[in-house]
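What follows is a single structure, written as structure tokens, with notes after it.
The values are calculated or read from the model by the stated rules, or taken from the named source; none is laboratory data. Given the structure is predicted, the values throughout are model-derived calculations rather than measurements. Don't worry about glycine lacking a Cβ; one is built from the backbone with ideal geometry, like all the others, and counts go over all protein chains shown. To get the accessible areas, we keep the full protein, side chains included, count just its heavy atoms, and leave off ligands, DNA and RNA. Shrake-Rupley method; radii C 1.70, N 1.55, O 1.52, S 1.80 Å.
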Amino acid sequence: MPAALIPALVALAPAVAQSNDLAAVQQHLQSLGTMTANFTQTDRDGKVLTGTLTIKQPGRLRFQYQKGVPILIVAEGGALTFIDYSVRQVQRWPIKNSPLGVLLDPGRDLSRFAKVIPGSDPRVLSVEANDPKHPEYGRIDLVLAHDAAGPAGLVLQGWVALDSQNNRTTIRLTNQQYGVTVSDSAFAWNDPRRNAANGGHR
């Protein structure tokens with residue numbers, strides 16, 4: 001091998017490794033199917049909430065918060081919906097305009113808007129995803145662990161989401177269960193604007 005090629009090959013190796021890691025994450029998201037997990041959410045002020053997360057690909061997600069928290073987040077029908085039952089308010093926006101879009105649209109080509117973030121622990125894979133053409137959509141940093149029990153040999157550990165105002169929300173997952181039976185009705189929700197008497201979150 002010509003000596004002049006050695007530096008070029010050494011420089012190419014990290015790029016190849018990153019491409020392989022991104023491909024593995026892409027395969028994980030495409031193989032996800034369904035997932036349930038417990039979550040711990042920490043906002044920029046340090047406030048901590050807990051609950052259960054349900055995902056059904058493509059495009060469905062539900063954050064069911066702990067008892068006493070009058071908030072629900074549901075993704076379905078191409079929209080992400082934030083419901084605050086305490087003030088009877090509903091906000092909706094396209095999933096693709098949210099950092100969570102990377103989780104809920106596994107058909108998107110990660111190589112076009114995501115990169116692997118080098119870390120010191122080879123068991124952990126961190127991926128930063130954002131649309132450079134639309135910084136107002138925010139950014140998400142996914143954290144996955146190499147684990148043969150998960151789809152494509154990975155288990156989603158959580159993520160850090162930054163919105164367009166740089167507000168940070170950290171989600172940590174535990175008790176991840178893949179391939180569970182999840183009905184489409186799991187993503188239904190009561191509209192407090194139509195049913196003011198209903199104080200439930202389901």
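Could you pull out which residues in the range 171-193 have an amide N less than 20 Å from a spot 7 Å beyond the Cα of Thr40, following the Cα-Cβ vector?
Answer for the range 171-193: 171-177.
Which net charge results for the neighbourhood of Ile95, defined as the other residues with beta-carbon distances under 12 angstrom from its beta-carbon, given Lys and Arg at +1 and Asp and Glu at -1?
Around Ile95, the surrounding residues sum to +2.
With +1 assigned to the C-beta of every Lys and Arg and -1 to the C-beta of every Asp and Glu, and no other charges, what is the dipole magnitude of the range 7-136 about the Cα centre in debye, to the nearest 20?
Dipole of the range 7-136, to the nearest 20 debye: 340 debye.
Using only Cα atoms and rounding to the nearest 10 degrees, what angle (0 to 90) does helix 5-31 make with the longest principal axis of the chain?
The two axes meet at around 30 degrees.
Across the range 130-145, in residue order, what do the Karplus-derived ³J(HN,Hα) couplings come to in whole Hz, using 6.51 cos²θ - 1.76 cosθ + 1.60 with θ = phi - 60° and x for Gly and Pro?
With coefficients 6.51, -1.76 and 1.60, one gets 7, 9, x, 7, 9, x, 5, 6, x, 9, 9, 10, 7, 10, 10, 10 Hz.
Report in % the part of the accessible area of the chain that belongs to carbon and sulfur, leaving out ligands and nucleic acids; probe 1.4 Å.
Working: 5720 of 11060 Å².
That share works out to 52 percent.
Determine Rg/Rh for the chain; Rg is computed over alpha-carbon atoms and Rh is the Kirkwood hydrodynamic estimate from the same atoms.
For the chain, the value is 1.03.
Asp105 to Glu136: extension gain in nm, 0.36 nm per residue of separation minus the Cα-Cα distance?
9.3 nm
Using a Förster radius of 22 Å, what is the FRET efficiency between Ala79 and Arg123 based on their Cβ-Cβ separation? Nearest 0.05, please.
Values: r = 36 Å, r/R0 = 1.62.
E(calc), rounded to 0.05, equals 0.05.
With every protein chain left in place, what is the accessible area per residue of the chain in square angstrom, probe 1.4 Å?
Averaged over the residues of the chain, the accessible area is 55 Å².
Under 8 Å for C-alpha pairs, at least 6 residues apart: give me the relative contact order for the range 54-202, rounded to a whole percent.
Details: 261 pairs, mean separation 25.9, N = 149.
Across the range 54-202, relative contact order equals 17 percent.
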